[in-house]
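First up is the structure itself, then whatever we jot down about it.
The values are calculated or read from the model by the stated rules, or taken from the named source; none is laboratory data. Just so it is clear, the model here is predicted, and its values are computed rather than measured. Note: ideal-geometry Cβ built from the backbone for every residue, glycine included; neighbour counts use all protein chains shown. Accessible surface areas use protein heavy atoms only, side chains included; no ligands, DNA or RNA. Shrake-Rupley method; radii C 1.70, N 1.55, O 1.52, S 1.80 Å.
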Amino acid sequence: MNKDVEEKIRERIKSQYPFPPYQSQLDLSKDIYVSLAQGTKVQMYMIVKVSIFESPTGTGKSYALIEGALNYLEDIKSNTLIKVKQKCQIDDGMPDWFNEPDVELKLNPLRKPNENKQQKKHVKLVDDDAIFDYSSSEETQINLRGQSLNDKIIYCSRTHSQLKQFINEIRRSKHKVRVSTIGSRQQLCVNQSILSKANNNVNKLNHLCKSHKKQCSYYKSLDTLEQYTQEIFDINDLLTASKKCQSCPYYAAKELSLQADIICTPYQLLMESIDQYIEPIIIVDEAHNFGSALLQTESCEVSLSQLNIIVGGIDDYRKKYHQRVKAKTLYYLNQLLQLCKSLIDKIKTKQSGSLITLIDFMVEIGIPKMNIIKLIKFLQNKEMRQRINGFIDSSQNVTHYSSFECFCKFISQLILTSQKESILYIEKSNTMKLSKINNYSSFQTLIDKSRNLVFLGGTLQPLNEFEIFKERVDSNEFIFKEYPHIISKDRCQLLVINAQLEYSFKQKNENLNQLMIQTNSLIQDIEKCIPEGIVIFMQTYTFLEQFKQYAKSNNLQFSKQVFFDEKQSSQILEKYSEVAKKGAILLSVVGGSLSEGINFSDHLARAVIIFGVPYPNLDSFELKEQININGNQYYDNITMRAVNQCIGRVIRHKNDYGLLFLIDKRFSEDKLRLKFSTWLQNRITIQNDFKGTNFFESFKKIL
Ligand code: SF4
């Protein structure tokens with residue numbers, strides 16, 4: 001895009017900020033806007049843009065995203081962008097159609113000109129049971145009716161609390177947009193009788209809702225959404241509005257999302273909901289977690305006991321209904337039964353703990369001889385699944401409701417995946433696990449179904465998993481940009497201490513005591529020089545516990561109050577925060593609950609200390625395979641991304657300041673040192689011993 005146009009866009013965005021933005025924040029907003037404007041997919045044009053923006057924690061990137069994306073949405077709807085470009089009277093390199101008068105119509109060929117977007121709210125529910133039933137033309141129609149004709153942004157983050165924060169930021173802005181939030185039935189179902197029958201079983205809850213919703217009074221009250229009068233809904237707003245009118249917030253959210261400009265969803269629900277919108281813009285925040293969350297969502301397992309239940313259930317179903325169901329249904333049920341029995345046989349005969357070659361396995365259980373396309377369609381038929389699920393549930397004396405769902409997911413994934421993308425193995429607990437190790441197909445789906453993909457995060461480098469996008473789009477359609485930190489060099493420094501003993505993952509017992517002595521001595525030396533709060537990250541909970549025991553048995557004394565993170569307790573942070581101003585130490589774990597998303601601003605963390613390089617445990621099959629495929633660098637990359645996350649805790653805004661200590665000489669070697677976030681590279685000092693610091697001298701007046 002031409003520089004003059006970009007400048008106009010920057011000015012316009014700046015005027016919309018409710019506060020003076022940082023320079024890098026404004027740059028990011030402008031870049032997001034430009035990226036959305038250029039990355040458009042329409043008819044003959046297949047210009048999908050994948051943009052990856054890294055801006056350090058504390059630089060206001062979420063708000064930058066809001067201004068960039070919402071200004072774009074407003075402009076594309078009011079054609080302001082075109083007017084700006086016409087005023088500049090230049091050829092900006094955009095495709096011709098972009099300059100035509102009704103860009104909005106062009107971008108969305110299905111939209112009628114002058115379509116009134118402020119139509120009275122009405123209910124036009126998408127029957128999610130029907131979405132996957134490709135064979136029914138009637139149901140396909142329902143799905144198409146449900147598809148949105150608006151320019152839409154799907155905003156994803158890891159948790160609902162992060163989505164809530166994002167929505168609160170939108171509320172601060174001057175923009176008038178409609179925002180809805182997608183949640184699961186687990187979060188949004190309000191029918192107590194269904195909830196108690198489901199007994200916390202997600203699959204059962206889904207099944208009960210789908211099969212009983214027509215009798216559910218909350219569902220019946222959905223004939224109007226008049227009570228949902230707000231423009232912006234987070235998950236709590238949905239629940240509050242539903243209370244007023246005694247209607248179902250789960251289905252209301254679906255309907256509201258069809259009318260919304262922005263749909264907020266946790267990562268796990270993205271792939272399920274993407275089909276309901278026409279080529280949405282997808283924005284993924286805190287994207288460092290995205291790849292692993294998708295891998296987890298798409299991995300599956302099935303146990304011997306579940307398979308035995310399914311065999312019994314399908315057998316009983318066939319016996320009872322063989323004269324009433326179609327021959328085709330019986331045919332596929334027989335195939336499923338055969339697969340089920342083969343899996344039982346394999347689990348019993350294969351050695352647990354060893355990898356199984358996918359191709360060989362599929363041949364052994366007879367998949368190549370089956371019509372797999374039709375079998376997949378059969379498995380995806382939700383009505384069939386519900387019937388058999390219900391039958392298994394009521395025919396068995398015990399509640400093993402999710403067995404058949406797990407089995408269907410397992411077989412579908414098994415057929416659709418490849419050796420490069422998944423691994424198969426048997427766990428000790430007589431469970432066969434199909435674990436996704438790469439996101440090739442999910443990322444391809446995102447490219448195919450979205451109009452534009454934007455990934456945003458504070459610590460995205462090393463970019464290993466995003467390389468998949470690079471391979472799949474043209475080089476000019478892939479952008480990576482990073483932004484400087486807003487704080488000056490004198491406000492944050494990083495010290496690598498080449499401590500004598502290495503914090504190796506598996507400590508020999510004879511070294512452990514020496515390591516404890518070294519750890520204690522360094523903490524004692526450092527804490528004397530640091531005012532207020534210190535947050536320490538150890539490699540593992542095991543090592544943290546060992547140090548806790550060592551401190552207890554040796555009656556170690558520190559000048560600050562000490563708190564140890566406990567996996568199960570959420571109150572430690574609260575207790576630490578209450579006294580951090582006076583001086584406190586919080587010990588936690590890299591990758592633990594306190595290492596991400598916690599705002600340790602100001603006195604809560606004047607120093608962050610990381611003991612050891614937190615390489616993940618190599619016992620995991622998944623990790624070994626990922627390293628096999630992607631090389632050793634992958635191992636370093638995921639480790640350093642976790643380190644960069646912890647580092648991001650120390651500086652949270654432009655007036656913040658603090659020191660970072662990394663205790664392990666491996667951090668000073670190029671292969672790891674070069675993987676620190678770019679903004680840190682010129683702030684690194686390497687020392688063999690900690691010799692004290694006068695870093696805080698200049699801040700004493702403030703303290
Ligand atoms: S319709 Fe809504 S309230 Fe009723 S069972 Fe389903 S999710 Fe629960």
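Within the range 274-292, the set of residues being part of a helix (DSSP H, G or I), surrounded by 18 or more Cβ atoms within 10 Å (Cβ to Cβ) and either in contact with a His (Cβ under 8 Å, 6 or more places away or on another chain) or not β-branched (Val, Ile, Thr) (or both) comprises 276, 287, 288, 289, 290, 291. Within the range 195-213, take every residue that is more than 19 Å from residue 388 (Cα to Cα) and more than 26 Å from the chain's Cα centre (by Cα) and give me the one that is nearest to the ligand (Cβ to nearest atom). Going through the qualifying residues, I end up with 195. Against the numbered list (1) open to solvent by less than 60 Å² (accessible area, probe 1.4 Å); (2) near the ligand (Cβ under 9 Å from one of its atoms), residue 177 comes up short only at (2). Note on the range 614-647: residues that are in a loop (DSSP other than H, G, I, E, B) and either crowded, with 24+ Cβ neighbours inside 10 Å or basic (Lys, Arg) (or both) total 1. Close contacts from the range 184-210, counting a first residue that is at negative phi and part of a helix (DSSP H, G or I) and a second that is β-branched (Val, Ile, Thr) and within 9 Å of the ligand (Cβ to nearest atom), with Cβ to Cβ under 9 Å and a gap of 6+ residues or different chains, come to 185/194; 205/194; 208/194; 209/194. When the range 234-246 is filtered for residues that are modelled with pLDDT of 90 or more, within 13 Å of the ligand (Cβ to nearest atom) and buried (at least 20 other Cβ atoms within 10 Å of the Cβ), only 238 remains. The numbered conditions (1) in a helix (DSSP H, G or I); (2) surrounded by fewer than 18 Cβ atoms within 10 Å (Cβ to Cβ); (3) within 16 Å of the ligand (Cβ to nearest atom) are all true for residue 161 except (3).
Suppose we keep only residues that are in contact with a helix residue (DSSP H, G or I) (Cβ under 7 Å, 6 or more places away or on another chain) and open to solvent by 40 Å² or more (accessible area, probe 1.4 Å) within the range 578-596. Which one would you say is farthest from residue 638 (Cα to Cα)? Ranking the qualifying residues of the range 578-596, first place goes to 581. Set side by side, the residues 365, 347 differ, and just one is of a type outside the set (Asp, Glu), within 24 Å of residue 305 (Cα to Cα) and at pLDDT 90 or above, which is 347.
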